[in-house]
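Below: the structure, in structure tokens.
The values are calculated or read from the model by the stated rules, or taken from the named source; none is laboratory data. On a predicted model such as this, the values are computed, not experimentally measured, just so you know. Neighbour counts are summed over all protein chains in view; Cβ atoms, including those assigned to glycine, are modelled from backbone coordinates with ideal geometry. Protein only, heavy atoms only, side chains kept; ligands, DNA and RNA dropped before computing areas. Shrake-Rupley method; radii C 1.70, N 1.55, O 1.52, S 1.80 Å.
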Amino acid sequence: MSAATSPASNPVSPWISRFGRLIPAGAVLDLACGRGRHALWLASLSQNLSVLAVDRDPAALAEIDAVGVATRQLELENGDAEALAQLFRPHRFSGVVVTNYLHRPLFPLILDSIAAQGVLLYETFAAGNEHFGKPSNPDFLLQPGELLALLAADSASRWHVLAFEDGYVEQPKAAMVQRLCAIKQPGGVASARRIA
């Protein structure tokens with residue numbers, strides 16, 4: 001299998017295939033996973049990863065059938081606060097992968113759920129994408145440098161940004177995107193968690 005395809009032959013984001021191998025052994029969350037192209041690809045790596053694919057769409061989750069991938073149906077935006085707290089337990093994941101999804105109230109929970117030396121891979125649409133199609137609603141578009149600002153605002157942890165891009169891409173379609181690969185550094189302060 002090539003790095004550019006998942007077992008289901010869906011294209012894996014070049015950003016995820018480039019940095020996904022940095023995720024240390026342990027539990028990995030593919031948040032808002034859709035049909036699980038990244039969850040399946042991560043599970044296929046020989047890295048001792050246990051992948052949890054979470055999405056609100058039970059039909060999409062039903063298509064994910066692979067050793068090393070567990071699925072969970074959960075409404076992320078208007079869901080049960082207790083279920084979200086259980087999902088995003090502090091220091092639970094060695095990696096979190098998010099692509100083509102943005103719900104800002106989840107950021108503190110996502111960041112807190114990553115263990116020391118864990119990896120955050122985030123890639124989604126950015127301001128300016130309205131010129132290329134959907135999404136065009138500002139609620140679903142990152143503002144310039146927003147991912148970097150969110151890490152800088154995380155007073156409970158320290159983050160080492162390995163890579164960041166904010167701009168135009170041609171593939172898989174013309175779009176404005178923002179991408180980040182960051183590693184959580186050890187020695188962060190215990191955080192106060194809240195669910196918005």
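Of note:
- Within the option set 46, 94, 50, being crowded, with 21+ Cβ neighbours inside 10 Å, of a type in the set (S, T, N, Q) and not in a helix (DSSP H, G or I) holds for one residue only, 94.
- Taken as a whole, the structure places residue 55 among residues that are without any contact (Cβ under 8 Å) to a residue 24 or more places away in the chain, surrounded by 19 or more Cβ atoms within 10 Å (Cβ to Cβ) and either at positive phi or not hydroxyl-bearing (Ser, Thr, Tyr) (or both).
Here's the yes/no breakdown for (1) of a type outside the set (Gly, Ala, Ser); (2) on the phi > 0 side of the Ramachandran plot:
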| residue | (1), (2) |
| --- | --- |
| 126 | no, no |
| 145 | no, yes |
| 151 | yes, no |
| 160 | yes, no |
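- Of the residues making up segment 141-158, those that are open to solvent by 90 Å² or more (accessible area, probe 1.4 Å) and either assigned to a loop (DSSP other than H, G, I, E, B) or hydrophobic (A, V, I, L, M, F, W, C) (or both) number 2.
- Exactly one residue out of 102, 84, 74 is at negative phi, within 13 Å of the chain's Cα centre (by Cα) and surrounded by 15 or more Cβ atoms within 10 Å (Cβ to Cβ): that is 102.
- Pair list, Cβ < 6 Å and 6+ apart or interchain, from segment 103-125 residues that are in a helix (DSSP H, G or I) to residues that are among the hydrophobic types (A, V, I, L, M, F, W, C): 105/196; 107/150; 109/88; 110/96; 113/88; 113/93
- Residue count for segment 121-134, restricted to those that are in contact with a Leu (Cβ under 7 Å, 6 or more places away or on another chain) and modelled with pLDDT of 90 or more: 4
Results for (1) closer than 14 Å to residue 102 by Cβ; (2) open to solvent by 40 Å² or more (accessible area, probe 1.4 Å), shown as yes or no for each residue.
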residue: 123; (1), (2): yes, no
residue: 129; (1), (2): yes, no
residue: 133; (1), (2): no, no
residue: 160; (1), (2): no, yes
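- Against the list (1) in a loop (DSSP other than H, G, I, E, B); (2) hydrophobic (A, V, I, L, M, F, W, C); (3) touching a strand residue (DSSP E or B) at 6+ places or on another chain (Cβ under 7 Å), the condition residue 161 fails is (1).
- Among the residues examined, residue 85 qualifies as modelled with pLDDT under 95 and in a helix (DSSP H, G or I).
- Residues in segment 7-32 that are over 13 Å from residue 123 (Cβ atoms) and at pLDDT 95 or above: 9 in all.
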